[in-house]
Amino acid sequence: GEASTPVNMAEQEDLDALLDSALEDFQEEAQHQDGASGGEAPAAPPAPTAEEMQRDAVGKFSALLAIFQSDIELSGPYAAEFTALADQQMDVIKRACQDGACAH
């Protein structure tokens, strides 16, 4: 993999915005769960395609990694091991999505 470059401030702001929107999504989902029991539930949106699901899952995982790495630096062999494992996790996510085993 490539050496990770330090995150600059512009990227940090992007990450913060990404995190904010992820949190908003999460809170909205939580509210929908609460409201589902009473009355007519609104029609569920169509399920995302495998490609859309993969893009979303990979994007969220990448964002988490970037947030972690913007704050925490592993050195020596640990950095390489961490990157290798992250790549493996990314691969698992992609394969799960392709197999239809990845959902919101």
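The values are calculated or read from the model by the stated rules, or taken from the named source; none is laboratory data. None of the values given here were measured: they were computed from a predicted structure. Cβ: placed from backbone, ideal geometry, glycine included. Neighbour counts: every protein chain shown. Side chains are part of the model used for accessible areas, which takes the heavy atoms of the whole protein and leaves out ligands, DNA and RNA. Shrake-Rupley method; radii C 1.70, N 1.55, O 1.52, S 1.80 Å.
General observations
- Boolean, L74 is under 18 Å from the mean Cα position of the chain (by Cα) and either free of Cβ contacts under 8 Å to residues at least 12 places away in the same chain or closer than 18 Å to L19 by Cβ (or both): no
- Of everything in region 44-57 that is loosely packed, with under 15 Cβ neighbours inside 10 Å and either in a helix (DSSP H, G or I) or at positive phi (or both), the residue that is nearest to the chain's Cα centre (by Cα) is R55.
- Any hit, region 21-35, residues being part of a loop (DSSP other than H, G, I, E, B), farther than 19 Å from A103 by Cβ and modelled with pLDDT of 75 or more: no
- Taken together, the residues in region 58-83 that are aliphatic (A, V, I, L, M) and either open to solvent by 60 Å² or more (accessible area, probe 1.4 Å) or more than 25 Å from D14 (Cα to Cα) (or both) amount to 4.
- Positions within region 84-104 being within 22 Å of F26 (Cα to Cα) and surrounded by 14 or more Cβ atoms within 10 Å (Cβ to Cβ), in sequence order: M90, I93, K94, A96, C97, C102
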